[in-house]
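Below is one structure, written out as structure tokens; comments come after it.
Just so you know, all these numbers are worked out from the coordinates, no wet-lab data involved. On a predicted model such as this, the values are computed, not experimentally measured, just so you know. Counting neighbours? That spans all protein chains shown, and the Cβs are built from the backbone with ideal geometry, glycine included.
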Amino acid sequence: MLPFCYKIYEADGETILAICDSDVVGRVFTEDILVLDAKKSFYFDEECTQIKARRLFEQATIINATGEKAVALLIEQGLIDAGRILRVNGVPHAQMVRLQ
């Protein structure tokens with residue numbers, strides 16, 4: 001199993017990347033009133049490596065990421081601020097919109 005699974009959506013001229021750690025996909029996390037549902041139908045179309053994930057980040061105008069590895073890679077690439085991550089029951093989630 002590769003470290004990430006992803007799905008690409010095209011809508012209104014935007015390229016939306018949904019990317020998730022492979023070990024998180026299909027799971028639901030809850031904390032108080034928060035629910036983080038890493039639905040397989042939303043995140044899983046293909047699997048990829050870190051190298052492919054970085055290329056996908058370059059192409060996406062919107063990114064929805066869930067899981068330690070996916071969010072850490074976004075931080076490493078300078079695409080999101082570590083202080084702006086939502087955690088639900090310890091699982092990180094982040095969203096990014098590229099303004100052009």
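Under 18 Å between alpha carbons, and skipping anything fewer than 8 positions from Lys39 in its own chain: which lysines qualify? Cross-link targets: Lys7, Lys69.
In this rough spin-label picture, where each label sits 7 Å from Cα along the Cβ direction, the Leu2-Gln50 distance is 1.5 nm. Extension gain for Thr15-Lys40 works out to 7.1 nm (0.36 nm per residue, less the C-alpha to C-alpha distance).
Residues whose amide H comes within less than 5 Å of that of Leu86, counting only those at least five positions distant or on another chain, are His93 (H built at 1.01 Å from N in the peptide plane).
With label points built 7 Å along Cα→Cβ from the Cα atoms of Asp81 and Arg98, find their separation and express it in nm. Simple spin-label model gives 2.1 nm for this pair.
Could you pull out the longest piece of the chain with no exposed loop trypsin sites (Lys or Arg not before Pro) in it, calling a site exposed if DSSP puts it outside H, G, I, E, B and it has at most 15 other Cβ atoms within 10 Å? Value returned for the longest uninterrupted segment is 40-97. As a ratio to 2.2 N^0.38 Å, the alpha-carbon radius of gyration for region 4-97 is 1.00.
Using the Cβ of Arg87 as centre and a radius below 13 Å, the other residues enclosed give a net charge of -2, where K and R count +1 and D and E count -1.
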